[in-house]
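Undergrad: Starting off with a structure, shown below.
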């Protein structure tokens, strides 16, 4: 039986060339409305950071931080 961890929250930061970074705090495992709106305007060359990702795993009473992820959009 395969058990899966569930994302509880994360911070998404978008860095566009020539602009200040935009940070969105997202509660839960799915993108909220604000995150989705920013995802729609991402352009080629932008960098998206997913940081402070916390997840809850079966059998573990506390959530834990997992590694950050960085994507450079094509």
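Computed from the coordinates by the stated procedures, all read-outs in this text should not be read as laboratory data. Just so it is clear, the structure is predicted and the values come from calculations on it, not from any experiment. Methodologically, a virtual Cβ is constructed for each residue, glycine included, from the backbone with ideal geometry; neighbour enumeration extends over all protein chains shown.
Undergrad: Hey, rough spin-label estimate for residue 60 and residue 42, points 7 angstrom out along Cα→Cβ, what's it come to in nanometres?
TA: 2.4 nm
Undergrad: Now a separate question. Work out how much length residue 2 to residue 23 would gain on full extension: take 0.36 nm times their residue separation and subtract the Cα-Cα distance, in nm to one decimal. The partial results should precede the final answer.
TA: Details: separation 21, 0.36 × 21 = 7.56 nm, distance 3.35 nm.
Using 0.36 nm per residue and subtracting the Cα-Cα distance, I get 4.2 nm.
Undergrad: Tell me which label goes with the value of Rg/Rh (Cα atoms, Kirkwood Rh) computed from the coordinates here: [x] 0.99; [y] 1.05; [z] 0.94.
TA: [y]
Undergrad: Per DSSP H run of n ≥ 4, the term is -39500 (n - 2.57); total these for the chain, divide by its residue number, and report the mean residue ellipticity at 222 nm rounded to 500 deg cm²/dmol. Display every interim value, and only then the final one.
TA: Details: 1 runs with 8 residues, N = 74.
About -3000 deg cm²/dmol.
Undergrad: In nanometres, what is the gap between the two model label sites at residue 31 and residue 69, each 7 Å from Cα along Cα-to-Cβ?
TA: Label-label distance for residue 31 and residue 69, simple model: 1.2 nm.
Undergrad: Same structure again: What ranking do 6-14, 42-50, 55-63 get when scored by the average of other Cβ atoms within 10 Å per residue, highest first? Can you show the working numbers first?
TA: Working: 6-14: 17.3, 42-50: 13.8, 55-63: 10.8.
Final packing ranking: 6-14, 42-50, 55-63.
Undergrad: Please report the spacing between the Cα centers of the range 6-27 and the range 28-58 in Å, no decimals.
TA: 6 Å
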